[in-house]
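Presented below is the structure to which this report refers.
The values are calculated or read from the model by the stated rules, or taken from the named source; none is laboratory data. Keep in mind it's a predicted model, so treat the numbers as computed, not measured. With ideal geometry, Cβ positions are generated from the backbone for all residues, glycine too; neighbour counts draw on all protein chains shown.
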Amino acid sequence: MDPIMMLVIAAIIAAIILVEFNKQQKAKVTDNSHITFDVQQAYLLKAAEYKIEVIEDHQKHSTATNNTDVQHLEEELTQLTKAFEKGDIQLKEFNLKLDTLLNNLDPDKVSLAQAS
C-alpha cells in the first residue's frame, strides 16, 4: 500500500475517534445539567424558608403600637405562601416577593443578606 494512502486512512480513523469522544463529552455535560438545576432550586427554597422565618420572627417580636402593619404583613405572607403552594408563582418570583416584604420591614430590626 502506498504511504500516502495509509496516512489518509489513519487520518480518517483519528477523525472518527475524535468525533465519538466529543459526543461522549457532550453527553456527560447534558446529563449533569439537571443536578445543577436541582441544587439551584434547593438553595432558593432554603433562602425562602429563611426569609419566612425572619418575617415570622419580626411578627412575633414586633413592639409596634400599630397592629395593622403586622396583620397586613401576615396576610401578604399567607397569600404568597398559598400562591406558591398552588403553583401560581414560581420559586424565583416567590423569593423576590419575600425580598420585597423584608424590605418593607424596619431595617434597624431586621438584618438579612438577600439571596435570590
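Data table
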{"quantity": "Of the criteria (1) at pLDDT 90 or above; (2) surrounded by 12 or more Cβ atoms within 10 Å (Cβ to Cβ); (3) not aromatic (Phe, Trp, Tyr), which one MET5 fails", "calculated": "(2)"}
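Every residue, every condition in (1) at pLDDT 90 or above; (2) surrounded by 12 or more Cβ atoms within 10 Å (Cβ to Cβ); (3) part of a helix (DSSP H, G or I), yes or no:
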residue	(1), (2), (3)
GLN24	no, no, yes
ALA47	yes, yes, yes
THR65	no, no, no
THR68	no, no, yes
LEU73	no, yes, yes
LEU96	yes, yes, yes
GLN114	no, yes, no
